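To start, the structure under review is shown below, and the notes come after it.
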Amino acid sequence: MKTILKIVFIFSIVLNTNAQTHKSNTGIKGGYNLAAVSFDGETETGQRHAFHIGFYGESFLSESVALQIELLYSQQGYELKDGGGTFTQKLDYLNLPFLFKLYPDQSFFLEVGPQVGIAVSHKEEFDSNFGLFDTSQEFDPQNFDWGMNFGAGFKTESGVSLGVRYHLGLGSVYDEGNPHNRVWQFSIGFDF
């Protein structure tokens, strides 16, 4: 955790120093998650419908290139359904994406960059569709997650942005089965 805070501090200094010569923005964003987990790179689970919310800082290096740092609370995990009920894995993270953004024109952007995350809560539930057999149990996933983000979106001159992003998790959620997070995020953001 201390390492993540040091990285955020260093990037904040770099972005703040750069902001003196180019424009920078800070804002709030949130949206809808479609989260799943890929096991051994072969099978993917059903999706958990959830949300994300957080803050961002965007600093332009030139007219068409920017760096963006975010701090997001993101609900992730997955669902498995069969005739006996629904199993839901709820994994919630504090994620820290570092994004390189390219603006091919004034309002359209492409983004790519790494992300680190820390699990802040986890819960596994089984809904048997019959209240007597419902269960709730906690297992211990890895506390640390990391991966890459790829996305695109539109940003208006007034600072409202709409974006879509895919998170390709590279860290294992559990020790067994080599599961990795896979998350589609649909966001709306507002500059302050």
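The values are calculated or read from the model by the stated rules, or taken from the named source; none is laboratory data. All of these numbers come straight from a predicted model, not from anything done at the bench. We place every Cβ from the backbone using ideal geometry, glycine too, and count neighbours over all the protein chains shown.
Points to keep in mind about this one:
- Test: residue in the range 126-135 that is at pLDDT below 95, under 18 Å from ALA35 (Cα atoms) and assigned to a strand (DSSP E or B): yes
- Any chance LEU34 is closer than 19 Å to GLN115 by Cα and either modelled with pLDDT under 60 or crowded, with 18+ Cβ neighbours inside 10 Å (or both): no
- Scan of the range 93-115 for residues that are over 30 Å from VAL173 (Cα atoms) and either of a type in the set (Val, Ile, Thr) or touching a Ser or Thr at 6+ places or on another chain (Cβ under 6 Å) (or both), ordered by number: TYR103
- Across the range 79-117, the qualifying residues are those that are hydrophobic (A, V, I, L, M, F, W, C) and modelled with pLDDT under 95, and the one among them that is farthest from THR156 (Cα to Cα) is PHE87.
- Restricted to the range 82-111, and to residues there that are surrounded by 13 or more Cβ atoms within 10 Å (Cβ to Cβ) and charged (D, E, K, R), the residue that is farthest from ALA36 (Cα to Cα) is LYS101.
- Close pairs (9 angstrom Cβ cut-off, 6 or more residues apart or separate chains): closer than 30 Å to SER59 by Cα and of a type in the set (Lys, Arg) in the range 165-192, modelled with pLDDT under 95 and not in a strand (DSSP E or B) anywhere: ARG182/THR45; ARG182/GLN47
- As a summary of the residue check, VAL120 satisfies the conditions (1) modelled with pLDDT under 95; (2) surrounded by 14 or more Cβ atoms within 10 Å (Cβ to Cβ); (3) over 12 Å from the mean Cα position of the chain (by Cα) except for the one numbered (2).
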